[in-house]
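The values are calculated or read from the model by the stated rules, or taken from the named source; none is laboratory data. Just so you know, these numbers come straight off a predicted model, no measurement behind them. Cβ placement follows ideal geometry from the backbone for every residue including glycine, while neighbour counts extend to all protein chains displayed.
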Amino acid sequence: MQAARSKSFEDFLLCDDRNVRMITANFQTKALAHDIRPDVLDETMTSALLENAERNLATFDFIGICKYFDDSVRVLSEMLGVELSAKKLNVNPDRRFAAPTAEELDIARSLK
């Protein structure tokens, strides 16, 4: 948390601290594989993680997309035949947001 608060987005992405890399390097794969150990960074382990993540992902009945949150909730509602409403409890109206630069996006995409 301290690194996220004190560094620029680019510096955070490029940070070599293993606790930061745990989040910035292939985090979605680690989360889907149920293995977010900070030391899981090498190519051999990443390949096994991807296999586990794909196997786990195949068991999901629904996957929503954050960028399309409202649409995802609507589609899930339709699938279940129930009207769902979602409370956005983690919204901070005072938080400043700056869209990432093209360079920051390239860095984020290159992290493995």
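The table for this structure:
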read-out	value
Any hit, region 77-85, residues being in a helix (DSSP H, G or I) and within 22 Å of Leu32 (Cα to Cα)	no
Output for region 23-33, where each listed residue is within 11 Å of Leu111 (Cα to Cα) and assigned to a helix (DSSP H, G or I)	Ile23, Thr24, Phe27
Candidates Ala108, Ala102, Ala31, filtered to the one that is more than 18 Å from the chain's Cα centre (by Cα), under 23 Å from Glu10 (Cα atoms) and among the small types (Gly, Ala, Ser)	Ala102
Total residues in region 55-96, condition free of Cβ contacts under 8 Å to residues at least 12 places away in the same chain, surrounded by 12 or more Cβ atoms within 10 Å (Cβ to Cβ) and polar (S, T, N, Q)	2
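For every residue, the table says whether it meets (1) closer than 30 Å to Ser85 by Cβ; (2) in contact with a helix residue (DSSP H, G or I) (Cβ under 6 Å, 6 or more places away or on another chain); (3) at pLDDT below 85.
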position: Gln2; (1), (2), (3): no, no, no
position: Met22; (1), (2), (3): no, no, yes
position: Gln28; (1), (2), (3): yes, no, no
position: His34; (1), (2), (3): yes, no, no
position: Asn52; (1), (2), (3): no, no, no
position: Thr59; (1), (2), (3): yes, no, no
position: Gly64; (1), (2), (3): yes, yes, no
